[in-house]
Protein chains: 2
Amino acid sequence: MATINDIAKYAGISIATVSRALNKPELVNADTRERVMQAAKKLNYFTNDKARQFNLKTKKLSLGVIIPYITSFYFGELYSGISRVAHENNIDLLLYELKSDNMAREGLTEAFSFAQRHLVDGVILASSHMPSEYDDLIEQLQMPVVLLLDAHESAKLPAFKVDDIRASFDAVAYLVSRGHRRIGMISALQTQRQERGEQLRLRGYKQAVDFYKLPYSHSFVVYGDMRFDDGYSAMKQLLAERDETGLTAVFAASDEMAIGAMRCIHDAGLRVPDDISVIGYDNLSVSNITTPKLTTIEQPFGQIGAEGARHIVKLLTEGEQLPEKGNFYMPYKIIERESVAENSASDK
Amino acid sequence: MATINDIAKYAGISIATVSRALNKPELVNADTRERVMQAAKKLNYFTNDKARQFNLKTKKLSLGVIIPYITSFYFGELYSGISRVAHENNIDLLLYELKSDNMAREGLTEAFSFAQRHLVDGVILASSHMPSEYDDLIEQLQMPVVLLLDAHESAKLPAFKVDDIRASFDAVAYLVSRGHRRIGMISALQTQRQERGEQLRLRGYKQAVDFYKLPYSHSFVVYGDMRFDDGYSAMKQLLAERDETGLTAVFAASDEMAIGAMRCIHDAGLRVPDDISVIGYDNLSVSNITTPKLTTIEQPFGQIGAEGARHIVKLLTEGEQLPEKGNFYMPYKIIERESVAENSASDK
DNA sequence: CTGAAAGCGCTTACAG
DNA sequence: CTGAAAGCGCTTACAG
């Protein structure tokens, strides 16, 4: 590919002038400038950004976006939010897919190494729980890191997310407002030592149970790994204990599980929402095309991505004294659709 | 950040040796090697790939992945396929999201410029119809380009995709095998001058109509823009003309439209598949969680991504004399689920 | 307004 | 086994 040297030769001038003509046209005589442009076009020249990066002064900002679950339903929205802000600020995005979900030290190390090798200026880490034991890796990274969707164990990094506890409380409160009192929950697995955002949702549910003095026993809560199939089998359990619990509504910690639960209810010959109401958590784009359409708590993925990106950009460009840690709670809302009905059961 | 110079100073040796210790350890004395490693660790050194790229001999291969619709349901699968192959071959992936769907000249130019600026070695262009009028851009790119999911207008570039005509023919044939004869189609919009892959599906439908001598009038075909809502309103039209057509089954050119159609049928008080059977096209992951689960033609997105990547890698590394143009048809199959029933209508 | 030269971080042929 | 030096493509302070 043509270099600035080729242009210089072709136009019969020095490379210094070529560089100037290309980057600071106003510093160059109109004639020469024109000659350079002609040559550049003729030779099909493209500026070599990698080379340019060496001159720290002209280095273009870039951000590493590290994310597991690139196949998840929300990835697109999240990325689009980040991408919009990056574009506005003329920043390159380098995507890195975390190979394993488990956030093993090894995976994270590899991802960070990718970021460093590519001379990225900051890192956006999405949807990955950050235990304190990785603090040394973050330290070594030597650049700002922002978390999306999940928080740092001890809030040592800025995290943009929904307040899971409050949002879950509200989900249950909504069900209560529609006349339900016997409310089950399909929660995230409790395997991890730390409490992930997803697990906070159970806390919100329990607070609501206490607050509204709802009937409760351990048969009201069942666990799954956030996906469709998990929701299905979790619901199966819930249904099996229904004689005891008298369930009229269910809160699922993810839309996928909620959709799985709806399907299970359907297969059991019951109907949503007539027999059992279901509310989810996420507002995935899928949730608007199920039958019935899912009522759910919206996580504003696009906005979360955008705000996270904006924050790191500020950190990088304005040198502003922004808080470098703590959780930034983004607004959630209840999307009312068709999966929750007014409860008319006798024990109302 | 620490450079190889810092290490050299710290360890009291030349940068040449440091470089060797890092890249070709076997060429270096065990002692010195050890000293270098210690220093590297101590100084938290990361190799600067950008700099390394200059030495053409050590340049790491990288591929640009250009894709519109990063929010589409199939993006994740497609990208994962590409990513797997890239990873196996130690190749970097640089993702670029085409801002507008319309494949305007401007958007493509920007994407290609991104690819050139980042010194990418080849480009994978997904899901974007390639009219011949852009041949000059491809020409200027001066690197291999592979198309995914859609073809070049005059087959001047290798394209990895499903044979839309045959697959669609088979979709209709499947319906016929289940006793249906009055079969409608929800097709892609016919706005473009060129025939996109999506539009080829209508050709397949028509061939099947001819082959099986199925009843047909223009009321059997209706058009939509591939999304859920389009499927919904298209189905509405089809339902409106049902007195005339006597429809018992529908073939939709995309799963999203099929799911929209199912919803429309449901809202009209009819049932899938009991009253009307529906078959889709794509096999999105969503299609397995609808109620009823969608019977559909599978496009092997992961495999398409992987094969496309593999092809370009071969082009790049083995210098093999591969065909640089033409369509490579990937295997599709019919995924039988719940949305198609045996037809027992009187006019069978 | 323009050119010669140094430097960005790294690799490797060439000597030793 | 190791070092001095050239070169990858580009930018910019310094002279002129």
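The values are calculated or read from the model by the stated rules, or taken from the named source; none is laboratory data. Remember, it's a predicted structure, so these values are computed and weren't measured experimentally. Backbone-built Cβ (ideal geometry, glycine too); neighbour counts: all protein chains shown. Surface accessibility is based on the protein's heavy atoms, side chains included, excluding ligands, DNA and RNA. Shrake-Rupley method; radii C 1.70, N 1.55, O 1.52, S 1.80 Å.
Quick check on segment B:152-171. Is at least one of its residues assigned by TED's automatic domain parsing to the domain that holds B:Thr295, more than 28 Å from B:His311 (Cβ to Cβ) and either surrounded by 23 or more Cβ atoms within 10 Å (Cβ to Cβ) or polar (S, T, N, Q) (or both)?
No, segment B:152-171 contains no residue that is assigned by TED's automatic domain parsing to the domain that holds B:Thr295, more than 28 Å from B:His311 (Cβ to Cβ) and either surrounded by 23 or more Cβ atoms within 10 Å (Cβ to Cβ) or polar (S, T, N, Q) (or both).
Which ones in segment B:235-261 are crowded, with 16+ Cβ neighbours inside 10 Å, under 21 Å from B:Tyr174 (Cβ atoms) and more than 25 Å from the chain's Cα centre (by Cα)?
Once the filter is applied, which keeps residues that are crowded, with 16+ Cβ neighbours inside 10 Å, under 21 Å from B:Tyr174 (Cβ atoms) and more than 25 Å from the chain's Cα centre (by Cα), segment B:235-261 yields B:Met235, B:Leu238, B:Thr245, B:Leu247, B:Thr248, B:Ala249.
Quick check on segment B:281-289. Is at least one of its residues open to solvent by 10 Å² or more (accessible area, probe 1.4 Å) and either assigned by TED's automatic domain parsing to the domain that holds B:Ser128 or β-branched (Val, Ile, Thr) (or both)?
Yes, because at least one residue in segment B:281-289 is open to solvent by 10 Å² or more (accessible area, probe 1.4 Å) and either assigned by TED's automatic domain parsing to the domain that holds B:Ser128 or β-branched (Val, Ile, Thr) (or both).
How many residues are of a type in the set (Ser, Thr, Tyr) and in a strand (DSSP E or B) if we restrict to segment B:169-189? Before you say what the answer is, go through the steps one by one.
Within segment B:169-189, the subset of a type in the set (Ser, Thr, Tyr) is B:174, B:177, B:187.
Applying the additional criterion that residues be in a strand (DSSP E or B) yields B:187.
Going through segment B:169-189 one residue at a time, the tally reaches 1.
Restricting attention to segment B:59-73, does a residue exist that is within 11 Å of DNA strand D (Cβ to nearest atom) and open to solvent by 40 Å² or more (accessible area, probe 1.4 Å)? First the steps, then the outcome.
First, the residues of segment B:59-73 that are within 11 Å of DNA strand D (Cβ to nearest atom): B:59.
Restricting the remaining residues to those that are open to solvent by 40 Å² or more (accessible area, probe 1.4 Å) gives B:59.
Looking for residues that are within 11 Å of DNA strand D (Cβ to nearest atom) and open to solvent by 40 Å² or more (accessible area, probe 1.4 Å), one finds at least one in segment B:59-73, hence yes.
Which of (1) more than 29 Å from A:Arg84 (Cα to Cα); (2) surrounded by fewer than 16 Cβ atoms within 10 Å (Cβ to Cβ) does A:Ile276 not meet, given it meets every other one?
The one condition A:Ile276 does not meet is (2).
Quick one: which residue in B:Asn5, B:Asn48 is touching a helix residue (DSSP H, G or I) at 6+ places or on another chain (Cβ under 8 Å), within 12 Å of DNA strand D (Cβ to nearest atom) and within 24 Å of B:Arg117 (Cβ to Cβ)?
On the way: B:Asn5 fails: within 24 Å of B:Arg117 (Cβ to Cβ).
Selected residue: B:Asn48, the only one of B:Asn5, B:Asn48 that is touching a helix residue (DSSP H, G or I) at 6+ places or on another chain (Cβ under 8 Å), within 12 Å of DNA strand D (Cβ to nearest atom) and within 24 Å of B:Arg117 (Cβ to Cβ).
Identify all residues within segment A:70-121 that are more than 8 Å from chain B (Cβ to nearest Cβ) and at positive phi; write none if there are none.
A:Asn90, A:Met103
Give me the strands (runs of 3 or more DSSP E) completely within segment A:60-162, filtered to those with at least 1 residues that are under 25 Å from A:Ser254 (Cα atoms) and free of Cβ contacts under 8 Å to residues at least 60 places away in the same chain, ordered by residue number.
On the way: elements: A:62-67, A:92-97, A:122-126, A:145-148, A:158-162.
In segment A:60-162, the matching strands (runs of 3 or more DSSP E) lie at A:92-97, A:122-126.
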